[in-house]
Amino acid sequence: MNQLSSSPTLAKDLMNSEAVPLTPGKFAKDLALQFLSGQYSGWPVVDPNRKMLGIVTELRLLQAVSRLTSLDDLRVEDTMSSPVYVFENDPLEVVLNLMVQRQVLRMPVVGNRNLVGVISRGQVLGHCLPVSSSSSRFVSSCSWCERVKDPSDGSARAKRWEPLGSFLSRNHLKFSDLDLTHTYCPSCLQTLQTLRTPSRRLAPEQMDGKAVRPCLLVVDDDPSVAGLLAEALGEWGYEVLVARNGREGLDLVGGRPVDGILIDMQMPVMDGRTMLDELRWLGHQMPVLMMSGGSDERALRQLLQEGAQGFFLKPFHLTSLKEACQKVFKQVEVEEKAASHFHVA
C-alpha cells in the first residue's frame, strides 16, 4: 500500500462531477430495480441546492421494499440513511478507508456541504493499484446473474454469455486477471425492461365477469427476490401474497384461499421442505413450485415425490416462471394483448 499512502491525488481529481444525484419524492421505478439488482451501492440524495440530505444504499432500499406491496409506493426519503461522504480535498487513502469501513462502492464528494461529484471505489483502486494492461482481459459481466462474455474474442463465442467459472477455467485465468465492465446480459436486461414497463392490464369492467384473479403466495426470505416475483406475477394477472418464511406462509394459507405457492428452500424459522410437509399434512392440496439457489437438483427432484409439482434452480428466467405458472397454477387466461409486453424474442 506504499503507492496508496504516497499518492498526492485528491478526491476531486478523480470524481465524476456530472453524476446525477437522487432527489426527494417518488423513486423512479427503473432506478429502484437497478439498485435491487446490485448495480449501485451508495447514492447521494440532495435538495434543489445540491445540499446533501442523505445516502441511499442497497440495504436501506431492500428494507424499504420489504415493507411495501408495490415499487410504485417507494419514496426516496424512505430509503435514506445519514449522510456519509468525503470532502473534495481528502486524499485517496482517506476515501478508500471510508469506503471499506462503510462497505459501499460509491461515495459523494462535497464542498461546503454541497454535492460536487461522486467517486467510485473502482476509480480509487484503479489509480492507486493499477493493473497491468498487458495481462488484464476486459470482460463484460452481468450485474445480475454474474455471467460474462469476452468482447475481445473474435470467435462466435464472443457473442455468448457464460458462467464466470467456465470462462476462467477455459481460458486458464484468475479472477484478478480480469477487468470487469458491469452491464446486463440480454435476458436480465429484458427482465428489467419488462418490470419497468407501465402495466396495460385490463380494467375489471373490460374482463369477463366470470374471470377471477388466481391468488399466489410467494414464500422467500430475500426481499429483493420476493419483490421482483410479486411484481412480475402481478403484471401477469395474479393476486400475490408474500411471506418471509414457512411459518408466515402457513399462517397466510390458514387465513384465506390460495391457488398456488412458490416456496424457497432455504429460509429461517421454517424452511421450504418443512413448509411443504406441513401443507400436505394439514390437507392443503394447492399446487406448489419449489425454488432453490443451490445446485442439488437431486434433492429438489425428491420433493416431487413429497408433494411438489415442480421446481426452479436460481437464477431462473421470468419466461420459464410464467410458462410454469400458466401450466401448474391454471391461470385464468385474459386477452393476450393485456400482457404483450412480456413477450420474449
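The table for this structure:
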quantity: Local net charge near Arg256, Cβ-Cβ under 14 Å (Lys/Arg +1, Asp/Glu -1); calculated: -3
quantity: Distant-in-sequence amide H partners of Leu53 (H built 1.01 Å from N, under 5 Å); calculated: Val45, Val46, Asp47
quantity: Nonlocal amide H pairs with Met270, under 5 Å, H built at 1.01 Å; calculated: Gly246, Arg247
quantity: Cβ crowding within 10 Å averaged over residues, with 241-247, 213-219, 72-78 ranked highest first; calculated: 213-219, 241-247, 72-78
quantity: Burial ranking of peptide ranges 270-276, 111-117 (average Cβ count within 10 Å, highest at the top); calculated: 270-276, 111-117
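We did not get these values from a lab; they are worked out from the coordinates using the rules stated. These numbers come from a predicted model, not from an experiment. Glycine gets a Cβ as well: all are built from the backbone with ideal geometry, and neighbour counts include every protein chain shown.
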